[in-house]
Amino acid sequence: MSENQNFLIGIIGSGPIGLECGLHALKHGYQFIIFESGDDIANNVRLWSHVQLFTPLNMNVSLLGKNLLKEEQDINAFLTGGEYIEHYLRPVSCLLQPNIRLHHRVISIGRFHTNKFIIFVENKQSSCEEYFIVDCVIDASGTYSNPNFVGPSYLPAINERALQNKLQSPITYLIPHCNYEQVAGKRIVLIGKGYSAATSAVFLAKVKEAYPKTQLYWIIKQSIDHLPYCINPEDPLIQRRELVASANQIYANKNIFNEIYDKAAVTKFTLSTYSSTVDITIDSPHPTILNNIDYVIANTGSQPDRSLYANLNVQECYRTKGPIALAVKLLSSSSADCLKQTSHGTNSMLTTEKNFFIVGNKSYGKQTNFILQIGFEQVNDIFKLINEQC
Ligand SMILES: Cc1cc2nc3c(=O)[nH]c(=O)nc-3n(C[C@H](O)[C@H](O)[C@H](O)COP(=O)(O)OP(=O)(O)OC[C@H]3O[C@@H](n4cnc5c(N)ncnc54)[C@H](O)[C@@H]3O)c2cc1C
């Protein structure tokens with residue numbers, strides 16, 4: 001038995017990057033377990049399965065996984081999240097079975113003796129709790145399942161948490177994907193200004209076109225001088241360029257959104273006792289209350305769930321909440337364009353806990369410019385570090 005076979009790696013998350021970790025563990029002969037809280041692989045990507053990726057497939061597959069694509073697959077295609085799962089992530093996961101534990105939500109990680117880790121896991125199917133002892137932990141749990149609140153400074157707006165817990169809650173943090181009829185004629189509020197909000201704005205504009213009586217409101221934290229999105233005519237990603245152009249047109253067209261509030265924050269939701277609607281208090285240069293809102297689409301971004309490693313000594317960047325070594329590199333790199341990024345080398349993947357790594361979207365903390373290509377390089381770097389000491 002080789003040394004590697006005695007080394008057990010616990011991987012948190014079966015998103016594209018967690019699965020990539022599995023491919024590397026398999027290649028190098030390590031034992032590994034992938035913990036996935038969802039009832040299927042890539043649970044977060046499934047939450048946006050209807051959204052088209054802005055990078056072509058050739059940028060979303062790794063060197064190790066590429067061969068698992070069917071021969072007839074167009075490598076330059078722009079797939080939706082759902083197609084990406086079925087054409088690429090599913091075949092990768094099949095190769096990694098039976099090491100993937102679905103319904104296994106990692107709650108907390110601690111040190112066990114000097115060199116090992118103990119992982120506390122909740123099995124959501126059996127409602128059992130279990131400990132796992134491993135030699136190394138790679139946290140690839142992403143950020144998408146931990147959305148920001150909508151209040152000032154991402155604090156919860158008053159009653160936001162109660163709203164979340166309501167049966168058939170009118171608030172969603174996802175990009176909507178429903179029949180137009182379902183929301184036709186309703187009063188809908190969109191909050192946010194990132195790419196997700198742009199995608200939701202495009203969806204809402206189509207609803208409005210089909211059902212002109214629908215009433216739409218858009219709340220944006222930033223102050224907007226002219227248009228909300230900067231268009232880079234040189235952006236090589238056509239999908240992204242088109243998305244921001246459409247969102248700008250929607251913003252400028254006074255017939256789509258009834259009202260747009262910039263420099264504004266939601267401070268309170270007032271729940272109605274008699275109906276499922278909410279009143280929304282907006283703090284802005286012209287404070288307002290929007291009454292009887294049927295649906296709230298909160299696309300205010302997400303951030304890492306740091307409670308998983310709260311019992312370890314992981315030094316974070318105070319600004320981004322990402323691991324410090326990588327955060328320093330990211331903050332000092334000049335390019336804001338995610339396509340121009342390069343990986344920052346093996347040392348940037350080290351954390352202040354030996355054999356504990358944070359990878360993928362979560363490694364960027366609150367920064368929003370992570371792309372899969374970089375994630376694949378990060379995994380390569382991490383396995384170089386693991387191999388050096390095994
Ligand atoms: C709408 C949208 C479109 C995007 N489009 C692109 C694109 O075109 N190109 C690109 O390069 N990037 C894109 N990204 C950015 C990024 O590449 C993706 O978010 C990608 O899914 C990140 O992969 P990941 O594996 O790091 O995390 P995730 O895909 O978020 O996977 C994390 C996994 O961990 C699981 N998990 C979370 N917490 C726990 C826990 N406690 N215990 C166990 N399991 C847990 C989740 O269920 C999930 O399956 C997009 C992001 C979004 C939101």
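The values are calculated or read from the model by the stated rules, or taken from the named source; none is laboratory data. The shown structure was predicted, so the numbers you read here are calculated from the model rather than taken from an experiment. Cβ: placed from backbone, ideal geometry, glycine included. Neighbour counts: every protein chain shown.
Here are some notes:
- Where a residue in segment 110-137 is part of a loop (DSSP other than H, G, I, E, B) and its partner, wherever it lies, is of a type in the set (K, R) and at pLDDT 95 or above, with Cβ under 9 Å and at least six apart: N115/K354; K124/R105; D135/K116
- Conditions (1) in contact with a strand residue (DSSP E or B) (Cβ under 8 Å, 6 or more places away or on another chain); (2) closer than 18 Å to A265 by Cα; number of the one not met by K193: (1)
- Residues that are more than 14 Å from the ligand (Cβ to nearest atom) and part of a loop (DSSP other than H, G, I, E, B) within segment 349-367 comprise L350, T351, T352, E353, K354, N355, listed in sequence order.
- If you go through segment 116-139 and pick out every residue that is within 23 Å of E377 (Cα to Cα) and out of contact with any Cys (no Cβ under 6 Å at 6 or more places or on another chain), you end up with 4.
- For segment 33-87, taking the residues that are more than 10 Å from the ligand (Cβ to nearest atom) and touching a residue at least 60 places away in the same chain (Cβ under 8 Å), the one that is surrounded by the fewest Cβ atoms within 10 Å (Cβ to Cβ) is identified as L63.
- Sole residue being β-branched (V, I, T), within 16 Å of the ligand (Cβ to nearest atom) and either modelled with pLDDT of 95 or more or touching a helix residue (DSSP H, G or I) at 6+ places or on another chain (Cβ under 6 Å) (or both), chosen from I109, I171, I133: I109
- Among residues of segment 215-245, those that are of a type in the set (A, V, I, L, M, F, W, C) and outside any loop (DSSP other than H, G, I, E, B), counted: 7
- Selection status of V207, surrounded by 14 or more Cβ atoms within 10 Å (Cβ to Cβ), among the aliphatic types (A, V, I, L, M) and within 16 Å of the ligand (Cβ to nearest atom): no
- Residue in segment 13-20 that is more than 23 Å from P304 (Cα to Cα), buried (at least 17 other Cβ atoms within 10 Å of the Cβ) and in contact (Cβ under 8 Å) with a residue 60 or more places away in the chain present: no
- Hits in segment 271-298 - residues which are small (G, A, S) and at pLDDT below 95: S272, S275, S276, S284
- Residue within segment 149-168 that is at pLDDT 95 or above and within 16 Å of the ligand (Cβ to nearest atom) present: no
- Odd one out for K268, checked against (1) assigned to a loop (DSSP other than H, G, I, E, B); (2) over 25 Å from W48 (Cα atoms); (3) basic (K, R); (4) at pLDDT 95 or above: (1)
- Checking I175 against (1) β-branched (V, I, T); (2) surrounded by fewer than 21 Cβ atoms within 10 Å (Cβ to Cβ); (3) part of a strand (DSSP E or B), the condition it does not meet: (3)
- The one condition in (1) in contact with a strand residue (DSSP E or B) (Cβ under 6 Å, 6 or more places away or on another chain); (2) assigned by TED's automatic domain parsing to the domain that holds I119; (3) surrounded by 18 or more Cβ atoms within 10 Å (Cβ to Cβ) that I282 fails to fulfil: (2)
- Some residue of segment 296-313 being among the small types (G, A, S), assigned to a strand (DSSP E or B) and under 21 Å from A162 (Cβ atoms): yes
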